[in-house]
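Presented below is the structure to which this report refers.
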Protein chains: 2
Amino acid sequence: MKIGILGYGNLGKGVECAIKQNADCELVAVFTRRDPSSVKVLTPDVPVVSVDDIESYVGKIDVLILAGGSATDLPKQTPEYAKLFNVIDSFDTHAKIPEHFANVDAAAKANGHTAIISCGWDPGMFSLNRLYANCILPEGNDYTFWGKGVSQGHSDAIRRIEGVKNGKQYTIPVDSALEAVRSGSNPELTTRQKHTRECFVVAEEGADKAKIESEIKNMPNYFSDYDTTVNFISEEELATNHAGIPHGGFVFRTGKTGWDGEYNNVIEYSLKLDSNPAFTGSVIVAYARALNRMNNEGTLGCKTVFDVAPSYLSPLSDEEIRAHLL
Amino acid sequence: MKIGILGYGNLGKGVECAIKQNADCELVAVFTRRDPSSVKVLTPDVPVVSVDDIESYVGKIDVLILAGGSATDLPKQTPEYAKLFNVIDSFDTHAKIPEHFANVDAAAKANGHTAIISCGWDPGMFSLNRLYANCILPEGNDYTFWGKGVSQGHSDAIRRIEGVKNGKQYTIPVDSALEAVRSGSNPELTTRQKHTRECFVVAEEGADKAKIESEIKNMPNYFSDYDTTVNFISEEELATNHAGIPHGGFVFRTGKTGWDGEYNNVIEYSLKLDSNPAFTGSVIVAYARALNRMNNEGTLGCKTVFDVAPSYLSPLSDEEIRAHLL
């Protein structure tokens, strides 16, 4: 399978690493909006190409993986490049998924292509687990917890505060809330009871730290509904101890079975990831394989993880997966 | 969707309860090899019919759910009834799945039917999680733990011992082994390190308890490779404290991502079920919905959970699941 990557940030690199781990995948080119000579990729002998020249790769790529951001890149890029290629993205603005789906579906269908949107771990593997568990336990409750991990949006919000030089924010699920859900007691949990937020902030010299801390803790939407801890550290300490982008989380469904709902059940799925973008890239590459197969079979238009039979993700034959994994 | 159940033991009852929880499902008849007048079902106004009269239900049932055992019932029943109906079973003899699949596939295809075999939680949901996790993390290790729960096979083995009146066996995963796997340390675990076995035995009056205990602990395949505890209790205590059929377990994949495998990842899926057959019945009913849709679309032959797109399990529309679960 011949793969192109558009965008070479953390996610683009994660996709590149995942391609290396899958023997049936070949990275053909990395496309960038930057000056190609300024971008160095890890894979030997793979060209970095200006996105202006991407049309010259039509027919040379089975799947184009879009590694841009959900805020401004993907709403334009995914429909646009679905005209030229089979495309896959990790669009994660939950509220705008129906609109994005419709745009990508129209472009892909009109041009004989197949697309998958919102592929990663949430949306993605967490969504799958919510769906499976809801279908199996129609009478029940859903719980999703995120972390411990770095929230890019919250880290950005900290860095926009006056006097802040740099910063990183961890979202942390509250252990007692996890245990309450796991026990099957179906607790009602407030935002504050589910997650805490921990901030590591590098202040500019002479900045008013008390003011920064107060601004963070009282920031609406981002922090004011949470118990937030603010730690001031040096730029050096931030670089040494907080360079990574770990993440993860938990999806639960607790529900009843039996004639009178007399039996409790707890379904739990969790991820613990040293690198959020590397794992997301790995999910995308597995689904790129499925996407390519679906297009070869004539299944066109936009799809999500819900539409993909699990066997399509595997490089193994149906006989092999039945014999070894069933 | 009109459903028939063949076999009315614990699993058949579990299926019946799951049908009650799904508004789009209707139980049409329960088929039995016993005298129908001796079988009382829970659902009002549903006939209990001799399996000898099952052919008269051709055209009246969308899916026949086979709730028999894997040892002798299903290898015959599933191919036989795939000639008359769309069928689904929970065949769980892992080593014989390829043979069973071939038999059912041939019968279903020759008669324009669709079948799903080996549907439940293991095989079933655990298999799905093994497949997804293997596709996402091609470089890694798999771990499956079962329990805490009742093993029917091991309980039967205890009851066959001379001097044993009744008994029940719990399979228990070892906490320290779970923690070692969860830490990402990729331990190599022996059979003994993964699970312990706890037995509750009712001895016949005057039986040699020391001999019973020794026979259990030294029984090859079943107990000799495990640390086993044997507790002698009264029939009354067994009935009061050990009447249920709870089960569950854990599926892990731990694997590397990154250019040089520098990032660790842990994927964990777990189930905690008050009733094994009620949960298995719930999984089967969700897949019966998918089976019916696939047959309506002209997808014929034998399938497994690997072949079913997740959206097919849901009574909701694709738009609804994208809007609410993605």
Peptide B:308-319, shielding by other chains (average Cβ, 10 Å cutoff): 5
Starting from the amide H of B:N86, placed 1.01 Å from N in the peptide plane, find each other amide H under 5 Å away whose residue is 5 or more places distant or on another chain. B:L64, B:T114
For B:G69, list long-range residues whose amide hydrogen, built 1.01 Å from N in the peptide plane, is under 5 Å from its own amide hydrogen. B:L74
For chain B, what relative contact order do you get, as a whole percent, if you take Cα pairs closer than 8 Å and at least 6 residues apart? 21 percent
Could you give P(r) for segment A:144-215, binned at 10 Å from zero, as whole percent values over all Cα-Cα pairs? 19, 39, 24, 14, 4, 0
Highest GNM mean-square fluctuation among A:Y287, A:Y81, A:Y132, for chain A with Cα springs under 10 Å, belongs to A:Y132
Using the structure shown, select from A:K76/A:K109; A:K83/A:K168; A:K148/B:K256 the pairs with a Cα to Cα distance greater than 28 angstrom. A:K83/A:K168
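In whole percent, what relative contact order does segment B:96-219 give with Cα contacts below 8 Å and a gap of six or more residues?
Values: 118 pairs, mean separation 25.3, N = 124.
Relative contact order for segment B:96-219 comes out at 20 percent.
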Per residue, how much space in cubic angstrom lies within the convex hull of the C-alpha atoms of segment A:91-145? 101 Å³
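So what is the relative contact order for segment B:1-152, in percent, with contacts set as C-alpha pairs under 8 Å and at least six apart? Kindly include the intermediate steps, with their values, before the conclusion.
Values: 216 pairs, mean separation 27.4, N = 152.
Worked out over segment B:1-152, it gives 18 percent.
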How long are the three semi-axes of the equivalent ellipsoid of segment B:194-264, in whole Å, if each is the root of 5 times an eigenvalue of the C-alpha gyration tensor, listed from largest down? 40, 17, 7
The A/B contact buries a total accessible area, at probe radius 1.4 Å and rounded to the nearest 100 Å², of 6200 Å²
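Lys and Arg at +1, Asp and Glu at -1: add these up for the other residues within a Cβ distance under 15 Å of B:C17 and post the number. The partial results should precede the final answer.
Values: positive: A:K256, B:K13, B:K20, B:K40; negative: A:E139, A:D260, A:E262, B:E16, B:E26, B:D274.
Summing Lys and Arg as +1 and Asp and Glu as -1 gives -2.
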Report, by chain and number, residues whose modeled amide H sits under 5 Å from the one on B:H242, excluding near sequence neighbours (fewer than 5 apart, same chain). none
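What do you get for GluC sites (Glu not before Pro) in segment A:225-315 restricted to DSSP loop and a cutoff of at most 15 other Cβ within 10 Å of the site's Cβ? Walk me through the intermediate numbers first.
On the way: sites: A:E235, A:E236, A:E237, A:E262, A:E268, A:E297; in loops: A:E262, A:E297.
Of the GluC sites (Glu not before Pro), the ones in loops of segment A:225-315 whose Cβ has at most 15 other Cβ atoms within 10 Å are A:E262, A:E297.
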From the phi of every residue in segment A:28-40, what ³J(HN,Hα) in whole Hz does the Karplus formula 6.51 cos²θ - 1.76 cosθ + 1.60 yield, where θ is phi - 60° and glycine or proline is x? 8, 6, 10, 9, 9, 8, 7, 5, x, 5, 8, 10, 10
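Summing +1 for each Lys or Arg and -1 for each Asp or Glu, what net charge is found among the other residues whose Cβ lies under 14 Å from the Cβ of A:D62? List each step's numbers first, then the result.
Numbers: positive: A:K2, A:K60, A:R289, A:R293; negative: A:D24, A:E26, A:E297.
Combined, the nearby Lys, Arg, Asp and Glu give +1.
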Which one of A:L74, A:L271, A:L42 has the biggest mean-square fluctuation once chain A is modelled by GNM with Cα springs under 10 Å? A:L42
Specify the inter-centroid distance of segment A:201-239 and segment B:81-114, based on alpha-carbon positions, in whole Å. 61 Å
Given the options A:A82, A:A157, A:A290, state which has the largest fluctuation in a GNM of chain A using a 10 Å cut-off (strictly under) for Cα springs. A:A157
Averaged over the residues of B:254-262, the number of partner chain Cβ atoms within 10 Å of each residue's own Cβ comes to 6
Partner shielding of B:121-133, as the mean number of partner chain Cβ atoms within 10 Å, equals 5
Separation of alpha-carbon centers, segment B:31-54 and segment B:122-176, rounded to whole Å: 32 Å
Over chain A, the sum of -39500 (n - 2.57) across DSSP H runs of at least four, divided by residue number and rounded to 500 deg cm²/dmol, gives at 222 nm -10000 deg cm²/dmol
Exam field: A:S185 pseudo-label spacings to other copies (7 Å along Cα-Cβ), nanometres: 3.1
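The values are calculated or read from the model by the stated rules, or taken from the named source; none is laboratory data. If you're wondering where the values come from, they're calculated on a predicted model, not measured in any experiment. So basically every Cβ, Gly included, is an ideal-geometry build from the backbone, and we count neighbours across all protein chains shown. Note: areas computed on protein heavy atoms with side chains; ligands, DNA, RNA excluded. Shrake-Rupley method; radii C 1.70, N 1.55, O 1.52, S 1.80 Å.
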